[in-house]
Every structure is written in structure tokens, then in C-alpha cells.
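Here, each number is a calculation from the coordinates, and none is a lab measurement. Please read these numbers as outputs of a predicted model, since none were measured by experiment. Please note: Cβ atoms are built from the backbone with ideal geometry, for glycine as well, and neighbour counts cover all protein chains shown.
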Amino acid sequence: MIKNKKPKILVTGAAGALAQQVINRLRNDYQIVAVDFRKQTYLSDDIPSYQINFNKRVFEDLFRKFEFDGVIHLGRITSSEETRMRRYNANVLGTQKLLELSHKYNIKRVIVLSTYHVYGANAYNPALIDETAPLKAAELTMDLIDSVELENLANIYLWKYRDLNITILRPCNIVGPGVQNTMSSLLSSKHAPVLAGFSPVMQFIHIDDMADAIVLSYEKNKSGIYNVAPEDWVSYQEALALSGCTRVPLPSIPPALPKFITKVLGLNIFPQFLLNYFKYPVVIDGRSFNQTFGFKVKRPLKEIFRFYREMKRHD
């Protein structure tokens, strides 16, 4: 047994930039144990770090050894990584194991990071999507099924095991230094594809603000489902222009053509399963989170786009 008077938190997804930002904010007040199923990441001598598959028996050993007070689950494989089966095993079955162990070992706080992608992108979305809206993404593309099922699973545990105090966060596009998702890759590129005739409104949150939001939601410990987004937005093509990207139009009709072109040209930066998100707006209402937790972003859009613009100047 490791003796430490600080409350203990298990943070998953430790190899990612967001998890590391969260860990840096918590490390002075909490004993952090870092886990990632992709690779082991050294953070510091005082932070134990493990590469563990959540579905393996050794994962439970961590719960016995450290007696965690809380869990911050950021270890979700995005839909542009791995095969569908590996994503399902990690995101859905792995999350189920994590939640089962959290209940078994009397964890009192659990944060689960989701994504706004679960709402799905189509022409009939409301102008502003709140947390009660149905999750339609699985109906529109097979590649987002695991994201929706992860959320549905967290929802089941949220209502079935109220003692876990689960908080589910659905952020908009997380961008900024170190972020390696699709949107950050597009803003980082010198030439970025766009669908001719489309420029949907989008929301962006800086990685620093998202890390603040996660820490705030953990420390205030108010269970529920919350969108996380700033109160301003900008069109996709304008975001590219402000980031110093040259826009490369792709034909948008017939519907199968842009998917064919991206596949033939190997445009992994513009994944097929996200094409509808570059056609139709998915604007989420973050007021519930802002009011419940007293949250306000500190980094405006102009700062986000300036980072990407200046990054290109130094390339």
C-alpha cells in the first residue's frame, strides 16, 4: 500500500495532451496515478504511470493498490484511430470495466469525457443543441457508434449508480498546443480541404480552457451531462482563413464524390466519417455547464487562431 495523505485520482488517457494538462493542474493537491492503454508516459517521479488494457485483470490491481477517491476518464480512442473493433473494445468494453471497478471500489467522483460528435450532423439539427437532444451520430455513420455507445454506457451508470456521481462532458472542438485531433490538424495545415458550397458554423475551445473545465467539474462534483463550449462561434472556412490556411475546395455533389476523392487522395486529415460535420452546423449550448460550474473561457477565438497562424510562420 502506498501511503499518501492526498486524495488519489486515476487519470486515463495520460499519453494525450489534454490529460497531461489536467494532471499538471491537480498534482499539487492530489496523488495522481496515470494510465493509458496506448503507451506508458513518464510524467514525473511522483506520478506512477502505467500502460494497461482496461479489460485485463491487472487493471483491477490498481484499484486495490491505490484506493482511488476519484476517476477522470479521458482515455477515449478517437474515430480516426485504430479499427472499429479495437475502438469498440477500448472505448466501450474498456469504459464498462472502468465503471464496474469504480462502483466495486466505492469511487465517489467520476468524470467521463465524451464529444459533441455524438449529436450527429444533418440538415435538420436545431440552431442550438442542448443536452436533452437525441444522439443521432450512430444512425449517420458506423465510425461513431463506439462514441455513442460509450456515452450510453456512462448514462446507464449515471442513473443506476448515483453514488458514483458521474459527470459526462460533451465538448466542442478541442484545439491548441499539443492537440492532435482532426480539427487541430486541419487548422495546423497550410492547405486544408473544404466542401464547395458549405461553411458551417463551428465552435472551438482551447485545450487550456478544456483542462480548466475538467478540473472544475471534478472539484465541484455535480453529476449530470453537460455540453462544454464558449458562447461564440465562427464559420469553418473563416476559421481556416484566420489560421493562415489556404482553402482547397472539394466538390460536394453527388454526395459520394467527396468521400471517393478523400479516399483516393489519402486525405486522412479530412476523414470520410466527419464529412457531414463540414456540411452542417452542430452548435451546442454550453450554458448549463457555465451556470452550474461558474465556468467562463479565458482564451478567445482570436488567440486560438493566432497560435495556428504563428505556428505556420515558424515552419
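Worth pointing out:
- Compared with the direct C-alpha span, the chain from Lys65 to Leu140 gains 22.7 nm at full extension, assuming 0.36 nm per residue.
- Across Lys65/Lys108; Lys65/Lys97; Lys8/Lys160; Lys6/Lys298, pairs whose alpha-carbon gap is larger than 20 Å: Lys8/Lys160; Lys6/Lys298
- Of the beta bridges in the chain, as assigned by DSSP with both residues counted there, near 10 percent are antiparallel.
- Lys56/Lys298 FRET efficiency (R0 41 Å; Cβ-Cβ; nearest 0.05): 0.55
- Rounded to whole Hz, the Karplus (6.51, -1.76, 1.60) HN-Hα couplings of region 47-53, x for glycine and proline: 10, x, 9, 9, 9, 9, 7
- Between the Cα long axis of helix 145-160 and the first principal axis of the chain there is an angle of about 40°, rounded to the nearest 10.
- Distance between region 1-72 and region 267-287 - C-alpha centres, whole angstrom: 32
- Built amide H within the under 5 Å cut-off of Tyr50, gap 5+: Ala34, Val35, Asp36, Thr41
- Highest average packing first - 48-58, 18-28, Cβ atoms within 10 Å: 18-28, 48-58
- Helix-derived mean residue ellipticity, 222 nm - over the chain, DSSP H n ≥ 4, -39500 (n - 2.57), to 500: -10000 deg cm²/dmol
- The modelled label-to-label distance between Val248 and Arg313, using points 7 Å beyond Cα along the C-beta direction, is 2.5 nm.
- You can think of it this way: the chain between Gln291 and Lys97 has 66.6 nm of extra reach, that is 0.36 nm per residue less the Cα-Cα gap.
- Computed over every Cα-Cα pair of the chain and binned at 20 Å starting from 0, the pair-distance distribution P(r) comes out as 33, 58, 9, 0 percent.
- For Lys296, the aspartates and glutamates whose Cα falls under 14 Å of its own Cα, not counting residues fewer than eight places away in the same chain, are Asp208, Asp209, Asp212, Glu231, Asp232, Asp285.
- Centroid-to-centroid separation of region 234-249 and region 204-228 [C-alpha atoms, Å]: 27
- Between Lys39 and Ala241, residue separation times 0.36 nm minus the direct Cα-Cα distance comes to 69.2 nm.
- Hz values of 3J(HN,Hα) by residue in region 212-228 - Karplus curve (6.51, -1.76, 1.60), Gly and Pro given as x: 4, 5, 5, 4, 4, 5, 5, 6, 7, 6, 10, 5, x, 10, 9, 6, 10
- Rel. contact order, % - alpha carbon contacts under 8 angstrom, at least six apart, the chain: 18
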